[in-house]
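Scroll down for the structure; my scribbles are underneath it.
What follows is calculated from the coordinates using simple rules that are stated; it is not laboratory data. What you are looking at is a predicted structure, and each value in this text was computed from that prediction instead of being measured.
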Amino acid sequence: MNIVRGSNHLIFVGEVMSYDDNRLSYEIPQLEIQNNPFISSEN
C-alpha cells in the first residue's frame, strides 16, 4: 500500500511513498533509551 503525504507535513508534501519506506522510520535517540524507564533497547 502507498501513502500520499498530506499538506500538513513540511517535507515530501504530495509525494507517494511505500508503507515501508525508510524515510517514514524515526530512530529513538540513545540518550532517550537510556533515561526513559518505559523504553528498552528492544523497542
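A compact table of results
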{"read-out": "Geometric extent, Cα atoms of the chain - Rg, Dmax (angstrom)", "value": "14.4, 37"}
{"read-out": "For Ile3, residues with placed amide H under 5 Å, excluding near neighbours", "value": "Met17, Ser18, Tyr19"}
